[in-house]
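The values are calculated or read from the model by the stated rules, or taken from the named source; none is laboratory data. Note that this is a predicted model, so its numbers are computed, not measured. When we count neighbours, we look across all protein chains shown, and the Cβ atoms used for this are built from the backbone with ideal geometry, even at glycine.
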Amino acid sequence: MTATSAFPGWDAHPEVWLLVATVIAFGFYAARVIQPHAVAAGGAPITKAQRWWFVAGVASLWIASDWPLHDLAEERLYGMHMLQHMLLTVVVPPVMLLATPEWLGRFILGNGRVNRWFHRLARPLPAAIGYNIMAAASHWSGIVNLSVENGPFHYLMHVLIFGTALLLWVPVCGPFRELHMSPPGKMAYVFLMSVVPTIPAAFLTASDSVLYKAYDHGPRLWGISVLDDQQYAGVVMKVIEGAYLWAIIIAMMLHWLGAADRNRGSKFRGKLVVSAPPSAGSSSEVPGPSDPAGAAGR
């Protein structure tokens with residue numbers, strides 16, 4: 001079997017198209033219908049940057065969920081499966097949060113029970129615990145094999161992984177300032193995100209046996225063996241995802257230092273006035289009304 005024939009043929013995924021179309025339609029509805037009322041009530045209009053973040057988020061979601069990446073991840077390579085999960089956990093969630101104005105986020109959550117539970121679960125500690133539980137479960141061989149063989153369970157896992165990842169990123173770049181951490185706290189938080197994946201990545205790269213039977217089948221794409229595929233998945237988690245998260249940390253650090261410099265410079269804004277030295281017989285030698293000597297002589 002050649003590498004070309006091993007590549008999965010095009011397969012329609014109408015459920016993915018419906019999801020992407022729904023997200024796009026809601027974006028237009030938010031911009032055209034909800035935004036005027038929000039701006040009239042004092043909210044900030046959608047910025048150009050938020051529009052571009054929205055485009056990037058929709059594109060990333062589509063790439064992660066549709067052919068060919070979805071089919072490669074489900075039918076051929078576990079490394080592609082990990083690349084897909086990387087997009088769904090550390091790319092799409094923060095990008096979509098950056099695209100969301102505060103008034104839209106509050107509109108989506110409302111003022112009831114959903115909003116209260118969201119604010120409890122989106123705090124750093126519960127969000128990190130929930131995400132890491134799902135991350136550990138998603139690497140368990142029984143769950144991986146079942147998700148490959150069972151379509152509905154596969155999509156359920158994607159929803160749970162994406163949902164916990166969304167909560168994980170809220171303290172870093174969510175639309176609700178009351179849930180944000182301090183800049184150093186955000187950097188430490190993202191650093192921990194880059195450390196945790198190294199644990200399962202070590203198992204994948206060091207293992208000399210097949211961990212996921214669902215991927216131990218032919219045809220082998222591009223001549224990649226099952227063990228090489230597992231090692232590639234470890235590289236995705238440890239190297240590619242780690243480098244991506246460190247790029248975010250560096251960007252946050254530069255932004256924080258730049259903001260600190262701007263704040264220091266703002267303290268010295270204004271016009272510096274240098275007075276000329278007083279000359280003999282000038283009015284500066286005459287006591288003013290507030291001078292006690294002048295007051296006594298009157």
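Scanning region 97-122 for residues that are surrounded by 15 or more Cβ atoms within 10 Å (Cβ to Cβ) and not in a helix (DSSP H, G or I) returns ALA99, THR100, PRO101, ALA122.
Might you let me know whether region 163-182 holds any residue that is touching a Ser or Thr at 6+ places or on another chain (Cβ under 7 Å) and either closer than 19 Å to VAL236 by Cβ or β-branched (Val, Ile, Thr) (or both)? It would help to see each step written out before you state the result.
Within region 163-182, the first condition is being touching a Ser or Thr at 6+ places or on another chain (Cβ under 7 Å), and the residues that meet it are 165, 175.
From what's left, either closer than 19 Å to VAL236 by Cβ or β-branched (Val, Ile, Thr) (or both): 165.
Checking region 163-182: at least one residue is touching a Ser or Thr at 6+ places or on another chain (Cβ under 7 Å) and either closer than 19 Å to VAL236 by Cβ or β-branched (Val, Ile, Thr) (or both).
Figure legend. Inter-residue proximity from region 88-111: first residues farther than 13 Å from ALA56 by Cα and in contact (Cβ under 8 Å) with a residue 40 or more places away in the chain, second residues of a type in the set (A, V, I, L, M, F, W, C) and part of a loop (DSSP other than H, G, I, E, B), beta-carbon distance below 6 Å, spacing 6+ or different chains. Indicated pairs: PRO101/ILE46.
Please verify whether region 207-223 includes one or more residues that are among the small types (Gly, Ala, Ser) and without any contact (Cβ under 8 Å) to a residue 24 or more places away in the chain. There is at least one residue in region 207-223 that is among the small types (Gly, Ala, Ser) and without any contact (Cβ under 8 Å) to a residue 24 or more places away in the chain.
Restricting attention to region 177-195, the residues that are touching a residue at least 12 places away in the same chain (Cβ under 8 Å), hydrophobic (A, V, I, L, M, F, W, C) and either in a helix (DSSP H, G or I) or out of contact with any helix residue (DSSP H, G or I) (no Cβ under 6 Å at 6 or more places or on another chain) (or both) add up to 6. Going by what's in this entry, would SER138 be described as closer than 26 Å to ILE248 by Cα, small (Gly, Ala, Ser) and at pLDDT below 95? When the stated conditions are applied, SER138 passes them. The helices (runs of 4 or more DSSP H) falling completely within region 1-80 that include 1 or more residues that are of a type in the set (Phe, Trp, Tyr) and closer than 19 Å to VAL95 by Cα map to 14-29, 48-65. Residues in region 73-92 that are touching an Asp or Glu at 6+ places or on another chain (Cβ under 6 Å), among the hydrophobic types (A, V, I, L, M, F, W, C) and within 20 Å of LYS213 (Cβ to Cβ): LEU77 alone.
Quick grid of which residues meet (1) in contact with a helix residue (DSSP H, G or I) (Cβ under 7 Å, 6 or more places away or on another chain); (2) outside any helix (DSSP H, G or I); (3) crowded, with 16+ Cβ neighbours inside 10 Å:
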{"site": "SER209", "(1), (2), (3)": "no, yes, no"}
{"site": "ALA214", "(1), (2), (3)": "yes, no, yes"}
{"site": "HIS217", "(1), (2), (3)": "no, yes, no"}
{"site": "GLN230", "(1), (2), (3)": "yes, no, yes"}
{"site": "GLY234", "(1), (2), (3)": "yes, no, yes"}
{"site": "VAL239", "(1), (2), (3)": "no, no, no"}
{"site": "GLY242", "(1), (2), (3)": "yes, no, yes"}
{"site": "TRP246", "(1), (2), (3)": "yes, no, no"}
{"site": "ILE249", "(1), (2), (3)": "yes, no, yes"}
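The lone criterion from (1) loosely packed, with under 12 Cβ neighbours inside 10 Å; (2) among the aromatic types (Phe, Trp, Tyr); (3) within 20 Å of GLN84 (Cα to Cα) left unmet by PHE28 is number (3).
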